[in-house]
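Enquirer: Sharing a structure below in structure tokens format, with a few things to ask.
Nothing in this text is a laboratory measurement; each read-out follows from the coordinates by a stated rule. Please read these numbers as outputs of a predicted model, since none were measured by experiment. We place every Cβ from the backbone using ideal geometry, glycine too, and count neighbours over all the protein chains shown.
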Amino acid sequence: MGKRSIVAGKLLPQADRFSMPSATMNPAEESQLLQTIEMFEVIVQSQPTDCQSLEILKEAYTKLGREDDVIRTSKRIAEAYTQMGQLSSAILEYETVLQRRPNDDEVQTALKRIEDTANNAASSAAEPAALAPLPGTGTKFRRKAAAAPADGEMDDGQKTMRKLFVDSKLISAGDFELCWRPADLTRPPQEAAEPFIQLLHEKQILPIEKSLRLLTDKSRTGFLPLERYDVDMELLRGFPADVCRRWCVAPFDRMSKAVLVATANPFNQKAAKALSEATSLR
């Protein structure tokens, strides 16, 4: 996927990606970007190879005109790609830094190291099935992407949630069955489903604060109350109401090529799949 950023609704070439703060940004928008940065910095501290979160961080820094942070984050993205064996993506990311800082010794060294790795891979037959030719770039090889899980493997997070709440002895199996409400896929929902952790709280089985702490720790996702966020209502209206109600999810903002989604069940693969089918973004 091409590495371009979206600013003011227009796709920008790589050379223009850095240091373009919005001239019309108000204090509320700036505060919201700072909240986004704070949330995703926490995420990437525990998941340093989460390129999607790093891309969101880079976009936020770009909008604030913090060029040094943009370049630092761009290097982190390239390093993450390198660790995952996606050498072509790493090279593209490093090249965007060189367009801005041609004499960056750190990037030059990293590119030389990647070139050596690619050459070694080309001369070795140790992993012939894991390498494929990559046309149109300076790198000769790339790692093949892992196969996506089959639809039959998709679930609504029930197994993981049961493991977290029941196997850890936080609640009983009976309490889980009492509060877990399987989604009805046969008809359109009339209202948003009540989240499992909300029902636990209402029935005085487990305080919602404790559930939230458990979910953020185990899923390594950020927590930010929506009441503090200026939700992009036009974005939200662009997603099917049935999907949002059935799974109690809310796409609330767009950053870089990703959509930020609020959920009380971060393990719900069915909801993630249904949302992804409604947009070309991640």
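Enquirer: Which whole-Hz couplings ³J(HN,Hα) result when phi for each residue of the range 240-254 is put into the Karplus expression 6.51 cos²θ - 1.76 cosθ + 1.60, θ = phi - 60°, listed in order with x for Gly and Pro?
Expert: Each residue's phi maps through the Karplus curve to give x, 4, 4, 5, 5, 6, 4, 9, 6, 10, 9, x, 10, 6, 10 Hz.
Enquirer: Right, something else. What residues have an amide H closer than 5 Å to that of Gly65, excluding those fewer than 5 places away on the same chain, when H is modeled at 1.01 Å from N in the peptide plane?
Expert: Here the answer is Met20, since their amide H atoms fall under 5 Å of that of Gly65.
Enquirer: Further question on the same structure: Quick one: Karplus J couplings for the range 109-114, per residue in order, coefficients 6.51, -1.76, 1.60, θ = phi - 60°, nearest Hz, x for Gly and Pro?
Expert: Karplus values, whole Hz, x for Gly and Pro: 5, 5, 5, 5, 5, 5.
Enquirer: Mind checking the full-extension length gain between Ser31 and Asp217? Use 0.36 nm per residue of separation minus the Cα-Cα distance, one decimal, nm. Show your work: numbers first, answer last.
Expert: Values: separation 186, 0.36 × 186 = 66.96 nm, distance 2.50 nm.
Contour length minus the Cα-Cα distance gives 64.5 nm.
Enquirer: Same structure again: Which FRET efficiency value, to the nearest 0.05, is calculated for Met233 and Lys203 with the Förster distance at 35 angstrom and r the Cβ-Cβ distance? It would help to have the intermediate numbers written out before the result.
Expert: Values: r = 32 Å, r/R0 = 0.91.
E(calc), rounded to 0.05, equals 0.65.
Enquirer: How large is ³J(HN,Hα) for each residue in the range 266-277, as worked out from phi by the Karplus curve 6.51 cos²θ - 1.76 cosθ + 1.60 (θ = phi - 60°), to whole Hz, x for Gly and Pro?
Expert: Ordered by residue, 3J(HN,Hα) equals x, 9, 7, 6, 5, 5, 4, 5, 5, 5, 5, 6 Hz.
Enquirer: Amide H of Leu260: which non-local residues (sequence gap of 5 or more, or other chain) have their own amide H closer than 5 Å, using H built in the peptide plane?
Expert: For Leu260, the qualifying residues are Phe252, Asp253, Arg254, Met255.
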